[in-house]
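The values are calculated or read from the model by the stated rules, or taken from the named source; none is laboratory data. Since the structure is predicted, the reported quantities are computational estimates derived from the model, not experimental observations. FYI the Cβ positions are ideal-geometry reconstructions off the backbone, even for glycines, and counts take in every protein chain you see.
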Amino acid sequence: MNEWWRGLAPAQASVDCGGARHQLRWENGALHALDHGDAESERTLAALGGQSCTCLDLIEAWERHHEDLRVFVLGSRGPMDILAVHGDAGAGLGGAQPRTVTRSSGWASYAPLGRVPRPPVRMSREARAEAELLALLGLGGGLPERLLATVAAAWRQRLRQSGRPPARSRAQLEAALYGRVLSVMRSWLGASGPEPRLRMIREKGGPKVVGEDGYVSIELPFGWLVDVWAQGLAIIWGRFCLAAHSADDQRTWRLTTIGPDLARPSVVTLQLGA
Amino acid sequence: MRVTGEKLILDRGPRGYRPWDSPLLEYARALIAIGAIKPARARAVIDDYSLAEAVRSDEGRQHYGIAMAHRGRSRRSRSVALKPRRVVPCDRTIEDANGALHVRHVTLSEDSTSLAVTWRPNLSGRRRSDGRGHMLAYVGGPRGPVQRTLTDDRGTSVGTGFSGGGSDEQWQGHLTADQPLAPDTAWIEIDGERLDLTGEAITCEVTIEPLAEQRTAHAYLWHRLAIPGFPGPPEIEGSIDALIAAGALEPDDPVLTEIRAVRDVMPRHPRMPYGGRGRSRSLPEPWRSLLRRPGDHGGPDGTITLSAVTPPFDGFSVAISSLESRADGFSVEVDVAPGLVGRGPSRELESRELAWWAADERGNHHLGQLGSWSGSENHTSGEINFWPALRSKARHLSIMPTGEVSRAVITIPLVWAAAGGPGEEESA
């Protein structure tokens, strides 16, 4: 996979791990447990002692869900789409009451913890996956947004390799893109603006936005989620960003944008200072 | 379907968390009806977006767990043919210190015994009113019918349970025996008070008919339109969107214009004024005759006890035991297998539903909907309320529970009309 994370700032959240506040940090495309130097050893010790380690288990959960398309269904579509799972994700959902992450059972959730309780003995695979997802999406500190970007990047890579989405995932990919484009368009043109009609094109295809009779016809590749939406560049200077490319130094970005009049696209150049 | 889910998430503001009437359910059912998606796949999408909705509000998070737990217990209802029954009209009131129990009719079959009753408790010192409440499934209690013991001519005695609705002044419902009594018993005793079962219910002609062939998408929408929402006409735009998106309909299909025209003039409630007075002439039958008599209040008053059981059709079996006509409408007491459980996220997506049509020999149509009911996934006992009122000149009425490909036609002779006036029950 290419270095899709270039340009994305690090994100960090604190979790209660074994009674202490620990830091999880996402940087350069990976999630790290800052307070666990030797992760493998700690993992082994925790397993032997029958205890859980919230930080390490959240990292495992992240790895399990880094290509999970349900992240797009549950995750935020944009700043106006706020989840109510911060701080106690999992509580009261699906009959499961997860409070922590344990390696032994493989289930996870996020909650402020003073000590490490044992997980429910019986939990279906689906419920466990659901609880893990909600735990990750409840982390805060920008980590849920980075998870969305991670999943998008993984699928963009697959699409680049195969050329077209697998039939069983196509609807999910299109919906993931549609929901976020719709959210952006409503911010940009207003909720009562023309309805967007989206066509997901190949990764190498040329994006475009055209005003038609009462609606806006939009053609974007799935990778727009990685290059534009996840970078927070969807609307810039009141213009909709169709595509973003960075120069080799990753400090200069060329954005292909279009104004609300949907006339010819213009290039906006962004440069990060030294 | 997922695109609709995306809109649902972004539009959820004023709607709140209401998975029981999620637009995705209508959308999914339409796609399943035309074979465009398998129920399990549709259910997975609905579950995804139901959870996505739930995690966006505290209220949703509370309700989601309950909904999922309930769905976990839900099983596909079984299709079972109802057995023939003996329905005996009665008009007997048994009074004691607690009140008066009026027995309207007795239904006996191999697997159940029930009495259709009206209970008026003794309210000495309290003012009575004619108002009826809307409590349902009342079982025993200080003001309901006390538990009764039934005995048949074989000497078998059994207890009973009451289910029904009412108020302090009057309860209407059924006393159902804990065990079935002999179906051919000559009498039953209620706490020692004997009722001779000598009357005979009217026997009705029952036939099963296939529905006229038409495009699956059209048939689905017409069928949905005949199944009222809560309240008012069903929301069918989601179904239309789904059928267009799936290529089963064209947006400019002239039948869609007819369907929307019918939807637009349907009343929010059978007793409310119509929106389409004078606009029904251009509608297709049976809707034209249904909607041309706004708020008709000229129906006869009377009750007919009858015995009709259909063979299975469209996966259902229906039994009717009485018809009661009032000035503003009429109702029938029915048993249906499998059960007519409500719509909602816990209902199986592929579950079929019945539309309740009725028509007299003069071509006047009526539409019914489930009123008070009790039962389970496998069986429902309840009341179907029809509108508009019966025409006083009608001589026969056909009750037509209608599935997606066939319907039963139960033709009832309206004997009160032949007697020269309503209000008197007759046996054939």
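Checking A:Arg180, A:Arg156, A:Arg197, A:Arg164 one by one, the residue that is in a strand (DSSP E or B) and either more than 21 Å from the chain's Cα centre (by Cα) or touching a residue at least 40 places away in the same chain (Cβ under 8 Å) (or both) is A:Arg197 and no other. In the range A:127-153, the qualifying residues are those that are of a type in the set (D, E, K, R) and within 16 Å of the chain's Cα centre (by Cα), and the one that is farthest from the other protein chains (Cβ to nearest Cβ) is A:Arg146.
As for the range B:349-359, it holds at least one residue that is surrounded by fewer than 24 Cβ atoms within 10 Å (Cβ to Cβ), more than 18 Å from the chain's Cα centre (by Cα) and modelled with pLDDT under 90.
Reported count of residues in the range B:25-60, each being in a helix (DSSP H, G or I), more than 12 Å from chain A (Cβ to nearest Cβ) and in contact with a Leu (Cβ under 7 Å, 6 or more places away or on another chain), is 6. Within the range B:68-114, which residues are modelled with pLDDT of 85 or more, among the hydrophobic types (A, V, I, L, M, F, W, C) and within 18 Å of B:Ile320 (Cβ to Cβ)? Across the range B:68-114, the qualifying residues are B:Leu82, B:Val87, B:Val88, B:Cys90, B:Val106, B:Leu108.
Restricting to strands (runs of 3 or more DSSP E) lying wholly in the range B:365-418: which have 2 or more residues that are at pLDDT 90 or above and of a type in the set (A, V, I, L, M)?
Fully inside the range B:365-418 and qualifying: B:396-402, B:406-413.
A quick yes/no check of all residues on (1) closer than 19 Å to A:Phe72 by Cα; (2) more than 11 Å from chain B (Cβ to nearest Cβ):
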{"position": "A:Gln157", "(1), (2)": "yes, yes"}
{"position": "A:Arg168", "(1), (2)": "yes, no"}
{"position": "A:Met185", "(1), (2)": "yes, no"}
{"position": "A:Val210", "(1), (2)": "no, yes"}
{"position": "A:Gly214", "(1), (2)": "no, yes"}
{"position": "A:Glu219", "(1), (2)": "no, yes"}
{"position": "A:Trp224", "(1), (2)": "yes, yes"}
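With the requirement that a residue be touching a Ser or Thr at 6+ places or on another chain (Cβ under 9 Å), small (Gly, Ala, Ser) and either in a loop (DSSP other than H, G, I, E, B) or under 25 Å from B:Lys83 (Cα atoms) (or both), what does the range B:300-333 give you?
Pass one, the range B:300-333, residues touching a Ser or Thr at 6+ places or on another chain (Cβ under 9 Å): B:300-325, B:331-333.
After this cut, where a residue has to be small (Gly, Ala, Ser) as well, the list is B:302, B:307-308, B:315, B:317, B:319, B:321-322, B:325, B:331.
B:Ser307, B:Ala308, B:Gly315, B:Ser317, B:Ala319, B:Ser321, B:Ser322, B:Ser331, listed by residue number.
Scanning the range A:21-60 for residues that are surrounded by fewer than 14 Cβ atoms within 10 Å (Cβ to Cβ) and in a helix (DSSP H, G or I) yields A:Glu40, A:Ser41, A:Thr44, A:Leu45, A:Leu48. Inclusion of A:Gln172 among residues that are more than 14 Å from every other protein chain (Cβ to nearest Cβ), polar (S, T, N, Q) and in a helix (DSSP H, G or I) is not warranted. Picking from residues in the range B:239-266 that are of a type in the set (A, V, I, L, M, F, W, C) and closer than 16 Å to B:Met1 by Cβ, the one that is nearest to the chain's Cα centre (by Cα) is B:Ile240. Can we say A:Arg160 is surrounded by fewer than 17 Cβ atoms within 10 Å (Cβ to Cβ) and modelled with pLDDT of 85 or more? Against the criterion (surrounded by fewer than 17 Cβ atoms within 10 Å (Cβ to Cβ) and modelled with pLDDT of 85 or more), A:Arg160 qualifies.
Of the candidates A:Leu139, A:Leu147, the single residue that is hydrophobic (A, V, I, L, M, F, W, C), in contact (Cβ under 8 Å) with a residue 60 or more places away in the chain and either assigned to a helix (DSSP H, G or I) or more than 20 Å from A:Arg64 (Cα to Cα) (or both) is A:Leu147. Each residue in the range B:185-228 was checked for being over 30 Å from B:Leu414 (Cβ atoms) and of a type in the set (Gly, Ala, Ser), and 3 of them qualify. The condition of being assigned to a loop (DSSP other than H, G, I, E, B), acidic (Asp, Glu) and under 26 Å from A:Val228 (Cα atoms) holds for only one of A:Glu67, A:Glu63, that being A:Glu67. Condition check for A:Phe240 on (1) touching a residue at least 40 places away in the same chain (Cβ under 8 Å); (2) on the phi > 0 side of the Ramachandran plot: one failure, at (2).
Conditions (1) crowded, with 20+ Cβ neighbours inside 10 Å; (2) under 26 Å from B:Gly382 (Cα atoms), marked per residue:
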site: B:Asp168; (1), (2): no, yes
site: B:Ala186; (1), (2): no, no
site: B:Leu211; (1), (2): no, yes
site: B:Glu235; (1), (2): no, yes
site: B:Ile244; (1), (2): no, no
site: B:Pro254; (1), (2): no, no
site: B:Thr257; (1), (2): no, no
site: B:Val262; (1), (2): yes, no
